[in-house]
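All remarks here apply to the structure that follows.
The values are calculated or read from the model by the stated rules, or taken from the named source; none is laboratory data. What you see is a predicted model, and the numbers here were worked out from it, not measured in a lab. Note that we place each Cβ from the backbone using ideal geometry, even for glycine, and neighbour counts take in every protein chain shown. Just so you know, the surface numbers come from the protein's heavy atoms only, side chains and all, with ligands and any DNA or RNA stripped out. Shrake-Rupley method; radii C 1.70, N 1.55, O 1.52, S 1.80 Å.
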Amino acid sequence: MVVIPVISAKGGVGKTTIAANLCTALAQRGRQVLAIDLDPQNALRFHIANEPQACDSGLVEAATGLMPWARAIRQAHGGVMLLPFGDVDDERQIVFEQQLARHPGWLAETLARFGLPDGTLVVLDTPPGPTVYLQQALRAANFSVVTVLADAGSFATLPIVERMLDKYARVRPDYLGTGYVVNQVDPGKRLNHDVFEMLRQKLRPELLGVLHLDQSVPEALASAVPVHRYAPMSQATQDVASCSERLLERIDAARQAATFPSLRTMEPNR
Ligand SMILES: Nc1ncnc2c1ncn2[C@@H]1O[C@H](COP(=O)(O)OP(=O)(O)OP(=O)(O)O)[C@@H](O)[C@H]1O
Ligand SMILES: [Mg+2]
């Protein structure tokens, strides 16, 4: 099992979009994928669930013993399995968050008990910024995907995510690495282009790729399907495919390096 949270310091930068579309791209490459929505917005379902409206219960019900895990996990597009967050009212959400705060290793322990087939990729969608969900996700993480926009706000808030990664993930020997995806890249906009170049220099060995600004992304969401299904020939579909390929290369190389430490130089940066 490789646990892959998709994270960001800022909201609305494309975490859910990237988590969902990476899931279907990874499944297309023959990997077993479990997508978990760790965000009370419960929005991952709108990108990949076969029946988004039926995903009104999930993680919180199962975590509190109201539903078996097997029933909380649904079939989603492309053979992906989806555990939605569920529609949870404010009071239950607060109680659940208090439970998570009291038991910081809950997610890691729960995933270990699932007994998923070897090599399963568990992709976690998370809410923005430092939350109890991000703490849980990073304590369980083996490889993190950080989403940033090519704008000054994303650039300025990168240290927040870096601090969280240092504190909860990079200290563990089973943490394989971090990859960055720059979203909504628009080469036609001068500032966007300049900030992207700065990010590229800064993140170079860890950059998984970019997702260009592409109208097929929100249109796919409006149709409740992954982008490759909505617009197979689009720039976004190509971008997601190359990010997922690079992600698998990085994970496979890091796992090999962990198994055969003499090959460790293959993994550039943790
Ligand atoms: N590359 C892109 N091109 C065009 N639109 C995009 C792109 N990426 C994301 N969007 C749009 O931006 C909006 C925000 O994306 P998304 O919900 O994935 O962000 P998020 O980081 O998950 O937000 P939150 O922090 O609220 O969870 C959505 O409407 C999505 O369709
Ligand atoms: Mg989101």
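Which of the three applies to segment 121-270, rounded, prolate or oblate, going by the alpha-carbon gyration tensor with a ≥ b ≥ c and a/c under 1.5 meaning rounded?
prolate
For segment 113-118, what does the Karplus curve 6.51 cos²θ - 1.76 cosθ + 1.60, with θ = phi - 60°, yield as ³J(HN,Hα) per residue in whole Hz, taken in order and with x for Gly and Pro?
Result, ordered by residue: 6, 5, x, 5, x, 3 Hz.
Taking the Cα centre of the chain as origin, sum charge times position over the Cβ atoms of Lys and Arg (+1) and Asp and Glu (-1), and report the length of that vector in debye to the nearest 20.
Computed charge dipole of the chain: roughly 760 debye.
Would you mind classifying segment 73-189 by shape? Square roots of the alpha carbon gyration tensor eigenvalues, ordered a ≥ b ≥ c; an a/c under 1.5 is rounded, otherwise it is prolate if a/b is larger than b/c and oblate if not.
The shape class here is rounded.
For a Förster distance of 41 Å, can you work out the FRET efficiency between the beta-carbons of Ala222 and His103, rounded to the nearest 0.05?
The calculated FRET efficiency here is 0.60.
When the chain is fully extended, how far beyond the present Cα-Cα distance does Gln53 get from Gln41, taking 0.36 nm per residue of separation?
3.0 nm
If I take R0 = 22 Å and measure r between the Cβ atoms of Met198 and Val171 in this structure, what FRET efficiency does the formula 1/(1 + (r/R0)^6) give, to the nearest 0.05?
0.20
Only helical DSSP H runs with n ≥ 4 go in: add -39500 (n - 2.57) per run for the chain, normalise by residue count and round the 222 nm mean residue ellipticity to 500 deg cm²/dmol.
When only DSSP H runs of four or more count, the value is -14000 deg cm²/dmol.
Just the number, please: carbon plus sulfur as a percent of the accessible area of segment 104-192, 1.4 Å probe, no ligands or DNA/RNA counted.
With neighbouring chains kept in place, the figure for segment 104-192 is 59 percent.
Would you mind getting me the FRET efficiency between Phe260 and Arg113? Use the beta-carbon distance for r and R0 = 22 Å, nearest 0.05.
FRET efficiency, Phe260 to Arg113: 0.15.
Which distance in nm do the two modelled labels at Asp186 and His212 give, with both placed 7 Å along the Cα-to-Cβ direction?
Here the answer is 1.4 nm between the modelled labels.
Please state the shape class of the chain: rounded when a/c is under 1.5, otherwise prolate if a/b exceeds b/c and oblate if not, all from the C-alpha gyration tensor.
rounded
Roughly how many Å is it from the Cα centre of segment 217-251 to that of segment 102-126, as a whole number?
The distance from the Cα centre of segment 217-251 to that of segment 102-126 comes to 25 Å.
Measure off 7 Å from each Cα along the Cα-to-Cβ vector at Val95 and Ser242, then give the distance between these two points in nanometres to one decimal.
So the two model labels end up 4.9 nm from each other.
Please list Thr178, Thr16, Thr259 from largest to smallest accessible area, probe radius 1.4 Å, with all protein chains kept in place.
Correct descending sequence by accessible area is Thr259, Thr16, Thr178.
Would you mind getting the accessible area per residue of segment 1-131, heavy atoms of the protein chains only, 1.4 Å probe, in Å²?
Computed with neighbouring chains in place, this is 40 Å² per residue.
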